[in-house]
C-alpha cells in the first residue's frame with residue numbers, strides 16, 4: 001500500500017465497483033456519515049442507503065450510491081460489502097422514479113403482510129427514496 005493512502009474495496013453482489021488507493025473515503029454509516037483516512041482505527045460499521053465518496057486530496061473523485069451494507073476498516077484500508085451499488089452517473093432518473101413508485105405501491109398492498117415483510121418493503125421504499133434524492137443532492 002502506498003504511504004498515506006487508503007485501499008478501498010467496494011463490492012456488490014453484481015460486481016466490483018472499486019479496488020483502488022484513495023486519500024480518503026466517506027461512508028453513510030448507520031450512526032452518521034464517517035470518513036476513513038490512512039491509519040484509521042479498526043471498526044466494522046453498518047451502512048445506510050447513501051453515497052460513498054472517494055477523494056484525491058480534498059477533491060471528490062468518485063461517488064457511488066449504496067443501498068446499505070457493511071464496511072470493515074482495518075490496517076489495509078476499507079472493505080465495503082454493499083447490498084446493491086451503482087455509480088451516481090449510472091442512475092437513470094426515470095427508472096429511479098419508477099422504482100420508488102413500485103416500492104410504494106408494493107408497501108400499500110401489504111395490509112395483510114407479516115411484520116418481516118412489511119419491514120422489508122419499508123426498507124425498499126427508503127432505498128428508492130434515497131436513490132432518487134442523491135440525484136438532486138449528491139452530497140446526501
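Derivation of every value follows stated rules applied to the coordinates shown; laboratory data play no part. Note that the coordinates shown come from a computational prediction; the quantities given were computed from them, not determined experimentally. FYI the Cβ positions are ideal-geometry reconstructions off the backbone, even for glycines, and counts take in every protein chain you see.
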Ellipticity estimate at 222 nm from DSSP helix runs (n ≥ 4, -39,500 (n - 2.57)) divided over the chain, nearest 500: -9500 deg cm²/dmol
P(r) histogram, all alpha-carbon pairs of the stretch 1-46 included - 10 Å bins from 0, percent: 24, 53, 23, 0
Calculate how many DSSP beta bridges within the chain are antiparallel, expressed in % of all such bridges and rounded to the nearest 5. 90
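Quote the relative contact order of the stretch 1-136 in percent (integer), defining contacts as alpha-carbon pairs under 8 Å separated by 6+ residues.
21
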Suppose the chain between residue 102 and residue 30 were pulled fully straight at 0.36 nm per residue; how much longer would it get relative to their current alpha carbon spacing? 23.4 nm
Which FRET efficiency, nearest 0.05, do residue 135 and residue 15 yield, Cβ-Cβ r, R0 30 Å? 0.90
Express the Stokes-Einstein translational diffusion coefficient of the chain in µm² s⁻¹, to the nearest whole number, given a Kirkwood radius over alpha-carbon pairs, 10 °C and a viscosity of 1.306 mPa s. 101
With Cα atoms, 0 to 90° folded angle of helix 93-108 axis to the chain main axis: 50
Under a point spin-label approximation (7 Å from Cα along Cα-to-Cβ), what is the residue 116-residue 94 distance to one decimal in nm? 3.8
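Kirkwood Rh over alpha-carbon pairs of the stretch 6-88, then Stokes-Einstein at 37 °C and 0.692 mPa s: what D in µm² s⁻¹, rounded to an integer?
Estimated via Stokes-Einstein, D reaches 269 µm²/s.
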Based on alpha-carbon atoms only, what is the radius of gyration of the stretch 91-136 relative to the globular estimate 2.2 N^0.38 Å? 1.19
Can you grab the distance from the C-alpha centre of the stretch 74-94 to the C-alpha centre of the stretch 103-133, Å, no decimals? 22
Counting pairs of alpha carbon atoms under 8 Å apart in space and at least six apart in sequence, what relative contact order in percent does the stretch 91-136 give? 56
How tilted is helix 115-136 with respect to the longest principal axis of the chain? Cα atoms for both, answer in degrees (0 to 90, nearest 10). 60
